[in-house]
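Below is one structure, written out as structure tokens, with a few remarks after it.
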Amino acid sequence: MATHHRACNLCEAMCGLRIETDGARVTSIRGDEDDPFSKGYLCPKATALKDLHEDPDRLKQPMRREGSQWKTIGWDEALDETATRLHDVQKRHGRNAVATYLGNPTTHNTGALLFGPSFLRALGTRSRFSATSVDQLPHMLAAHWMFGHQLLLPVPDVDRTDFFLVLGANPLASNGSLMTAPGMRHRLDALKQRGGTLVVIDPRRSETAVRADQHHFIRPGTDALLLLALLHEVLASPLKPHVKVDQLHGLDEVRALVKRFTPESVSGATGLAAETIRTLAQRFANAPSAVCYGRIGTSVQTFGTLCAWLITVLNVVTGNLDRPGGAMFPMPPFDPRWLPRPMSVGPGSYGRWRSRVRGLPEVGGELPVSVLAEELLTPGEGQLRALVTFAGNPVLSTPNGAQLDRALAGLDFMVSIDPYLNETTRHAHVILPPPSPLERVHFDVVFPMLAVRTVARHADALFDPGPTARHDWQILIGLGKRLDALRGAGVRASLTWSVMERLGPKRLLDLGLRLGARGGRGGLSLKKVAAHEHGLDLGALEPALHLRLKTKSGRIELYPRHLADDVARLEAAAPTEGLVLINRRHTRDCNSWLHNVPRLVSGADRCTLLMNPADASARSLEDGAPVTVRSRVGEVTVALQLSDELMAGVVSLPHGYGHAREGIRLQVAADHAGASVNDLSDDQRVDVVSGNAALSGVPVQVVAAASPSTRAPRS
Ligand SMILES: Nc1nc2c(c(=O)[nH]1)N[C@H]1C(S)=C(S)[C@@H](COP(=O)(O)OP(=O)(O)OC[C@H]3O[C@@H](n4cnc5c(=O)[nH]c(N)nc54)[C@H](O)[C@@H]3O)O[C@H]1N2
Ligand SMILES: Nc1nc2c(c(=O)[nH]1)N[C@H]1C(S)=C(S)[C@@H](COP(=O)(O)OP(=O)(O)OC[C@H]3O[C@@H](n4cnc5c(=O)[nH]c(N)nc54)[C@H](O)[C@@H]3O)O[C@H]1N2
Ligand code: SF4
Ligand SMILES: [Mo]
């Protein structure tokens, strides 16, 4: 029997876990009461770490596909073959003919974060894609322009704020995003207890909205208009004395811009009464501290970057940026932003190259994943021929997944570094599976940069995966060094790879902690962090932007040119008629990849279409009946679930389902297949500034299903 303490790696909240093991078995997983940050909180997903570890469908050996058959092969053979075939495609068609796609779990994987960049350098392709462009890209681009660094992301100081204005986020289901704060329910309760206010703006009365002091419906995709009107109101009064006007660049231009956006002018499009907008602006501006926070509902829409920008402008002009109770900049002990190169993450970039077919700009070295399928399918010079997927399932997670599904079937070569044979990896020629999360070192590299307190935490592996396993970082190094060797990169390159192999994640973390601790001040070590087995908490956030602002002007850029220009597109946008589709998350889902865990999929079918009863009766649709949902790109059939929690004119499907595809090895998931919302979302709908997918607000029609063979269960 042994007890282990470590952070859960399944979502951004980093909850501290207390895991009991008996030999090679996990006997229990509970919240770590002594964790100073999560204080014992955990969600139902944490126990999935045991199930993942024990899942008979989880792959343990590399596999090669021969037709539709999979054959187990050895690691050297798998890595040699993969590197040779990637090299071969690059030799024949150019380096950019190989694409990469990095999925969400990359950000929770210490080894992949530390060694992934070296692999990408060795591959040397500009055809890089990731889940970023179906997620937080607009926030990163706005930060790049406003603060000079894509990862200077302001985080709501939820524990000290007096007024929390939430747009397009449902932290009570998602446990928070770009806001690492385990146990959101307790934090929101504490806000109430200290007399604070929670206001939620969402087309659905979400789990978070139910607990708010006020919830207002908004027509999907119109948040930018609402924010402009809030700014109109705020800027009509003199600024508070503590607003540091001399640190701002472009305030007059913002003032001039928002003049025409009166609450009356946006009321029709947004669905909020002018008086509601006016009162909200005044209450926000007059609160002792306030913070506006927008998350995925504001990012995955056609005006995502405008939203991210205007949210920050609202925080700035009300004096709530970089101030306790407002939006703050975490400066964690291990900080990949300020480490020396090559360990650091760069400040970001924009438009250095464009996608071949649609001409969308590169952002931060990546192209938007909405163009991946067309780049694979459109013949001609520069067509993509091969793909590396790492911890991603883009067939289910990116728009028009069915089109991507078809495109992947035609690749010259595909390799997936992934523990599962799923909807995406079934197209691979080779799958390289890493061990389970409990078999590896875990140190959160990304989320302390988004955490509402200054924290760090290290844990060693619980189990040894054995000599025949390869960690993600070992796979990445294994491929990188082979690619360099095939290219004749020379002795120096091969030495560098050997050094990295010998360093491994722990020594690199130690180095990073010594060099980069707390905004570059150094002084910690992995040993010191690891000594705090329940996690190291270094206290509440402190104002930090003055130390770290990276803009050329040395001031906050309030009026970035590309965004100012994009307001014209917003004003020209025609209101969408008819039903629009939005997405939702359930506490027991984790994007597309935990549906093979029986305890997380038990109970009533969750993949239902939520619809307002008025919309259903207008279409003579019945609660519980199967309905077909159609968009420009496809259709799915699911059970209808009527609820007035949805705004009229809006329907909602969960994201991450659709496991009915042939050839996957996910027995439990296949029995709870559901339908993929991304068979409806449209690859042509993007936020044109960032290229981020507009997954929300998709125009759809809903009709009774042609052959109502199944009457799906109600939840
Ligand atoms: N249980 C669970 N937790 C998760 C995940 C999961 O799949 N399941 N995924 C994780 C990941 S990768 C992420 S990025 C985070 C995301 O975390 P959140 O951003 O909190 O994501 P959601 O829970 O989808 O909440 C988005 C909300 O936006 C609303 N919305 C949709 N369109 C609009 C709009 O146009 N305007 C406004 N104002 N609101 C809109 C939706 O109704 C929904 O309530 O969650 C993480 N946590
Ligand atoms: N319509 C719609 N689409 C969405 C969203 C939405 O709200 N609505 N949300 C978007 C968001 S926020 C995100 S983040 C994306 C997620 O998009 P993706 O990252 O593409 O998809 P996931 O479902 O997270 O798939 C994760 C994959 O990683 C594998 N994996 C898990 N752990 C590891 C590991 O440690 N190492 C390796 N090598 N592999 C691992 C899993 O087996 C799985 O194949 O989806 C996006 N798509
Ligand atoms: S909220 Fe749940 S999934 Fe997220 S870190 Fe905590 S226990 Fe893990
Ligand atoms: Mo995400």
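Assuming charge only on the beta carbon of Lys and Arg (+1) and of Asp and Glu (-1), the dipole of the chain about its Cα centre is about 1560 debye to the nearest 20. Put the Cα centre of the stretch 548-564 next to the Cα centre of the stretch 360-427 and the gap is 34 Å.
Computed over the chain, relative contact order equals 20 percent, with contacts defined as Cα pairs under 8 Å that lie 6+ residues apart. Looking at the chain, what % of its DSSP beta bridges pair antiparallel, to the nearest 5? DSSP beta bridges in the chain are roughly 50 percent antiparallel. Per-residue accessible area for Ser28 at 1.4 Å probe radius, Å² rounded to 10? Taking all protein chains as shown, Ser28 has close to 30 Å². Using the average count of surrounding beta-carbon atoms within 10 Å as a protection proxy, the listed peptides 428-434, 449-455, 628-634 rank, highest first, as 428-434, 449-455, 628-634. Between the stretch 1-71 and the stretch 480-505, how many Å separate their Cα centres? Taking the Cα centre of the stretch 480-505 as reference, the centre of the stretch 1-71 is 32 Å away.
Helices meeting the span-like rule in the chain (full DSSP H runs, Cα extent of at least 30 Å along the helix axis, mean Kyte-Doolittle score of -1.0 or higher): 491-520. Our estimate of slack between Glu635 and Ala574, defined as 0.36 nm per intervening residue step minus the Cα-Cα distance, is 19.5 nm. Among 288-294, 481-487, the peptide with the highest mean count of other Cβ atoms within 10 Å heads the list, and the full ranking is 288-294, 481-487. Is the chain rounded, prolate or oblate when judged by the Cα gyration tensor, a ≥ b ≥ c being the square roots of its eigenvalues, rounded requiring a/c under 1.5 and prolate requiring a/b larger than b/c? Rounded, since a/c falls under 1.5. The residues Asp412, Asp223, sorted by heavy-atom accessible surface at 1.4 Å with ligands and nucleic acids left out, run Asp412, Asp223 from largest to smallest.
Mean residue ellipticity, 222 nm, helices only, the chain: the sum of -39500 (n - 2.57) across DSSP H runs of n ≥ 4, divided by residue count and rounded to 500, is -9000 deg cm²/dmol. A straight line joining the Cα centroids of the stretch 104-118 and the stretch 224-250 runs 38 Å. Taking every alpha-carbon pair under 8 Å whose residues sit at least 6 apart, the stretch 328-450 reaches a relative contact order of 21 percent. Here the gap between His562 and Lys550, fully extended at 0.36 nm per residue and compared with their Cα-Cα distance, gives a gain of 2.5 nm. Put a dot 7 Å past the Cα of Asp671, heading toward its Cβ, do the same for Glu54, and the two dots end up 1.6 nm apart.
Based on Cα contacts under 8 Å between residues 6+ apart, the stretch 2-54 shows a relative contact order of 28 percent.
The values are calculated or read from the model by the stated rules, or taken from the named source; none is laboratory data. All values derive from a computational prediction rather than experimental measurement. Note that we place each Cβ from the backbone using ideal geometry, even for glycine, and neighbour counts take in every protein chain shown. All accessible areas refer to the heavy atoms of the entire protein, side chains included, with ligands and DNA or RNA removed. Shrake-Rupley method; radii C 1.70, N 1.55, O 1.52, S 1.80 Å.
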